[in-house]
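Undergrad: The structure follows.
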Amino acid sequence: MRAIQITEFGGPEVLVPTELPDPEPGPGQILVDVTRAGINYADTHQAENSYLAPSSLPMVPGAEVAGRAPDGRRVVALTSGGGYAERTVADPAMCFDIPDDVSDEAALALIVQGATAWVLLRRTARMDPGESVVVHAAAGGVGTLAVQLAKAFGAGRVIAVASSEAKRKYALDLGADAAVDSAAPDMTAALIEANAGRRVDIVLDMVGGRVTDESVRALAPFGRLAFYGMASREAPKPVQLPNLMRFSTTVGGMWLPHAWLLPGEVVDQAMGELLAMVSDGRLRPVLGECYPLSEAHRAHEALRARGTIGKLTLDPSA
């Protein structure tokens, strides 16, 4: 089968097209014929071995696929790797049926990015109706969905942060009430200004560095910052616990794999609601470019350059 294999850690150049034997399903696993593979920003960290979970070589990257199960059902699945290929193995418990009126690409936008946005708002930040919500990287895979979900869940004001005028306009078209340049010299002041002079209730942050530091300082009393990535590859300053008490603020982290460990089948609940919202038109996944499998490195280059909008996918047949 055609696949992308990594044999040394590094940048996009280490994503090498190759031919590999079909994977063999283990006990309780199924073989999925992949029609589309999803690309997640975490994949760029995995390629250079800077992700939360260490990688081992050789490796076929990719943790999200859409395709056909052995019984012919269209499914979207979260995998432990191997997604950048024509076939991969999956746990049926991590597979979700794709409704007829939902495309493979739209389903892939939900399995990681959509579930991430849902968990951030519902569980990590626990957004209440009427609260203000800041979405950093608002034109990205998580951000475009988080903007829409925050509005659908009753946010009082959604503030989108993005790196270009086109991206900021896109976020406004998705329902954001205000937009801020991610290069603002003082993010604290920019967020407060965008919230009509008031400090903000919730910040969804996957940038890191000074953006995180200055976003924490923009929080209102009992405001929450949910940290779920570090696209800048710059660590924020250590949080001083006395300052959290002084300002009655909360800084929390979220890594989606932990959501599978929560009682009540949280990810099942998230996917059920997200797929229903796409089916009835309340949620519109923003679909970015679909790259041939052989050009996976180009997709990683575009992601790392922050030059993309929406969900990127790979076509294993090309």
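Undergrad: Which of the residues that make up segment 43-66 are more than 20 Å from G272 (Cβ to Cβ), of a type outside the set (A, V, I, L, M) and either touching a residue at least 60 places away in the same chain (Cβ under 8 Å) or in contact with a helix residue (DSSP H, G or I) (Cβ under 9 Å, 6 or more places away or on another chain) (or both)?
TA: Selection gives D43, T44, E48, S50, Y51, S55, P61, G62.
Undergrad: Within segment 9-45, take every residue that is among the hydrophobic types (A, V, I, L, M, F, W, C), assigned to a loop (DSSP other than H, G, I, E, B) and under 25 Å from the mean Cα position of the chain (by Cα) and give me the one that is farthest from P61 (Cα to Cα). It would help to see each step written out before you state the result.
TA: Looking only at segment 9-45, we keep the residues that are among the hydrophobic types (A, V, I, L, M, F, W, C), and these are 9, 14-16, 20, 30-32, 34, 37, 39, 42.
Then drop every residue that is not assigned to a loop (DSSP other than H, G, I, E, B), which leaves 9, 15, 20.
After this cut, where a residue has to be under 25 Å from the mean Cα position of the chain (by Cα) as well, the list is 9, 15.
Values: F9: 12, L15: 9 Å.
The qualifying residue farthest from P61 (Cα to Cα) is F9.
Undergrad: What single numbered condition from (1) surrounded by 24 or more Cβ atoms within 10 Å (Cβ to Cβ); (2) modelled with pLDDT under 95; (3) under 23 Å from L52 (Cβ atoms) fails to hold for A139?
TA: (3)
Undergrad: Can you tell me how many residues in segment 278-318 are in a helix (DSSP H, G or I) and farther than 22 Å from G10 by Cα?
TA: Of segment 278-318, the ones in a helix (DSSP H, G or I) are 278-279, 293-304.
Narrowing the set further to residues that are farther than 22 Å from G10 by Cα leaves 278-279.
Qualifying residue count for the region: 2.
Undergrad: While we're here: Working carefully through the options L31, L52, L78, find the one that is aliphatic (A, V, I, L, M), open to solvent by 20 Å² or more (accessible area, probe 1.4 Å), out of contact with any Leu (no Cβ under 7 Å at 6 or more places or on another chain) and at pLDDT 95 or above. Write out each step before concluding.
TA: Working: L52 fails: at pLDDT 95 or above; L78 fails: at pLDDT 95 or above.
Of the residues listed, the single one that is aliphatic (A, V, I, L, M), open to solvent by 20 Å² or more (accessible area, probe 1.4 Å), out of contact with any Leu (no Cβ under 7 Å at 6 or more places or on another chain) and at pLDDT 95 or above is L31.
Undergrad: How many residues does segment 128-157 hold that are under 22 Å from H300 (Cα atoms) and among the hydroxyl-bearing types (S, T, Y)?
TA: Counting residues in segment 128-157 that are under 22 Å from H300 (Cα atoms) and among the hydroxyl-bearing types (S, T, Y) gives 1.
Undergrad: Would you check which residues across segment 267-314 are open to solvent by less than 40 Å² (accessible area, probe 1.4 Å) and β-branched (V, I, T) and list them?
TA: Of everything in segment 267-314, those that are open to solvent by less than 40 Å² (accessible area, probe 1.4 Å) and β-branched (V, I, T) turn out to be V267, V278, V286, T308, T313.
Each row is one residue, and each column tells you yes or no for (1) touching a Gly at 6+ places or on another chain (Cβ under 7 Å); (2) more than 30 Å from T249 (Cβ to Cβ); (3) surrounded by fewer than 16 Cβ atoms within 10 Å (Cβ to Cβ); (4) polar (S, T, N, Q).
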position: G67; (1), (2), (3), (4): no, yes, no, no
position: E105; (1), (2), (3), (4): no, yes, no, no
position: L110; (1), (2), (3), (4): no, yes, no, no
position: G114; (1), (2), (3), (4): no, no, no, no
position: T124; (1), (2), (3), (4): yes, no, no, yes
position: M127; (1), (2), (3), (4): no, no, no, no
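Undergrad: Return the only residue of R168, R210 being open to solvent by 20 Å² or more (accessible area, probe 1.4 Å) and in contact with a helix residue (DSSP H, G or I) (Cβ under 9 Å, 6 or more places away or on another chain). Outline the logic, then answer.
TA: On the way: R168 fails: in contact with a helix residue (DSSP H, G or I) (Cβ under 9 Å, 6 or more places away or on another chain).
Of the residues listed, the single one that is open to solvent by 20 Å² or more (accessible area, probe 1.4 Å) and in contact with a helix residue (DSSP H, G or I) (Cβ under 9 Å, 6 or more places away or on another chain) is R210.
Undergrad: Out of the residues in segment 184-206 meeting the condition of being outside any helix (DSSP H, G or I) and without any contact (Cβ under 8 Å) to a residue 60 or more places away in the chain, tell me which one is nearest to the chain's Cα centre (by Cα). Show your work before the answer.
TA: Looking only at segment 184-206, we keep the residues that are outside any helix (DSSP H, G or I), and these are 184-186, 195-206.
Narrowing further to those that are without any contact (Cβ under 8 Å) to a residue 60 or more places away in the chain: 184-186, 196-197, 199.
Working: A184: 23, P185: 26, D186: 26, A196: 28, G197: 30, R199: 26 Å.
Once the filter is applied, the top-ranked residue is A184.
Undergrad: Shifting gears a bit: What tally of residues in segment 171-183 results from selecting those that are open to solvent by 20 Å² or more (accessible area, probe 1.4 Å) and part of a strand (DSSP E or B)?
TA: Residues meeting the conditions: 2.
Undergrad: In this structure, does S232 turn out to be in contact (Cβ under 8 Å) with a residue 24 or more places away in the chain, within 30 Å of A53 (Cα to Cα), under 22 Å from the mean Cα position of the chain (by Cα) and open to solvent by 30 Å² or more (accessible area, probe 1.4 Å)? Break it down into steps so the answer makes sense when it comes.
TA: Working: in contact (Cβ under 8 Å) with a residue 24 or more places away in the chain: yes; within 30 Å of A53 (Cα to Cα): yes; under 22 Å from the mean Cα position of the chain (by Cα): yes; open to solvent by 30 Å² or more (accessible area, probe 1.4 Å): yes.
When the stated conditions are applied, S232 passes them.
Undergrad: Residues in segment 273-287: is at least one closer than 30 Å to L20 by Cα and either in contact with a Gly (Cβ under 6 Å, 6 or more places away or on another chain) or of a type outside the set (G, A, S) (or both)?
TA: Of the residues in segment 273-287, the ones closer than 30 Å to L20 by Cα are 287.
Filter once more, keeping what is either in contact with a Gly (Cβ under 6 Å, 6 or more places away or on another chain) or of a type outside the set (G, A, S) (or both): 287.
Yes.
Undergrad: Closer than 27 Å to L256 by Cα and either open to solvent by 20 Å² or more (accessible area, probe 1.4 Å) or in contact with an Asp or Glu (Cβ under 9 Å, 6 or more places away or on another chain) (or both): does that describe D201? Steps first, please.
TA: On the way: closer than 27 Å to L256 by Cα: yes; either open to solvent by 20 Å² or more (accessible area, probe 1.4 Å) or in contact with an Asp or Glu (Cβ under 9 Å, 6 or more places away or on another chain) (or both): yes.
So D201 fits the description; yes.
Undergrad: Scan segment 240-257 for residues that are part of a helix (DSSP H, G or I) and either more than 25 Å from V200 (Cβ to Cβ) or of a type in the set (S, T, N, Q) (or both) and report the count. Show your work before the answer.
TA: Going through segment 240-257, the residues part of a helix (DSSP H, G or I) turn out to be 241-247, 256-257.
If we keep only those that are either more than 25 Å from V200 (Cβ to Cβ) or of a type in the set (S, T, N, Q) (or both) as well, we get 243, 257.
Qualifying residue count, segment 240-257: 2.
Undergrad: Restricting to segment 56-100, count the residues that are among the small types (G, A, S) and farther than 23 Å from H297 by Cα.
TA: Taking segment 56-100 first, the residues among the small types (G, A, S) are 56, 62-63, 66-67, 69, 72, 77, 80-83, 85, 90, 93.
Within this subset, residues satisfying the condition of being farther than 23 Å from H297 by Cα are 69, 72, 90, 93.
Total meeting the criteria: 4.
Undergrad: Within segment 219-262, track down each residue that is within 18 Å of D43 (Cα to Cα) and among the charged types (D, E, K, R).
TA: R233, E234
The values are calculated or read from the model by the stated rules, or taken from the named source; none is laboratory data. Note that the coordinates shown come from a computational prediction; the quantities given were computed from them, not determined experimentally. Neighbour counts are summed over all protein chains in view; Cβ atoms, including those assigned to glycine, are modelled from backbone coordinates with ideal geometry. Only protein heavy atoms, including side chains, enter the accessible area calculation; ligands, DNA and RNA are left aside. Shrake-Rupley method; radii C 1.70, N 1.55, O 1.52, S 1.80 Å.
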